[in-house]
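A quick write-up on the structure given underneath.
The values are calculated or read from the model by the stated rules, or taken from the named source; none is laboratory data. Keep in mind it's a predicted model, so treat the numbers as computed, not measured. Cβ atoms come from the backbone with ideal geometry, glycine included; neighbour counts cover every protein chain shown. Note: areas computed on protein heavy atoms with side chains; ligands, DNA, RNA excluded. Shrake-Rupley method; radii C 1.70, N 1.55, O 1.52, S 1.80 Å.
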Amino acid sequence: MDIRVGDILEMKKQHPCGANTFTVLRSGADFKLKCSGCGHEVMVTRVKAEKSIKKVLREER
């Protein structure tokens, strides 16, 4: 899956704050994601993140 820094990920399940979109801050073997609702940052393995992604929102440059 092609996921880049700056992409917005819509997840299948929502964060406890109620938001279900996250911004990618770092990508590699794992992702650093920032919740668009509360700003909480989490590190998630690539495998776990790719399973829970519903849609990738990317601005075309």
Sequence gap at least 6, Cα distance under 8 Å: using those rules, report the relative contact order of the chain to the nearest whole percent.
35 percent
Quantify, in whole percent, the carbon and sulfur part of the accessible surface of the chain (1.4 Å probe; protein heavy atoms only).
51 percent
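Kindly give the semi-axes, whole Å and largest first, of the ellipsoid equivalent to the chain, taking each as the square root of 5 times a Cα gyration tensor eigenvalue. Don't jump to the answer; show the numbers that get you there.
Numbers: eigenvalues 50, 35, 26 Å².
For the chain, the ellipsoid semi-axes come out as 16, 13, 11 Å.
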Over the heavy atoms of residue 58, what accessible area does a 1.4 Å probe trace out, to the nearest 10 Å²?
70 Å²
Unmatched cysteines, the chain - criterion: no other Cβ of a Cys under 4.7 angstrom:
35
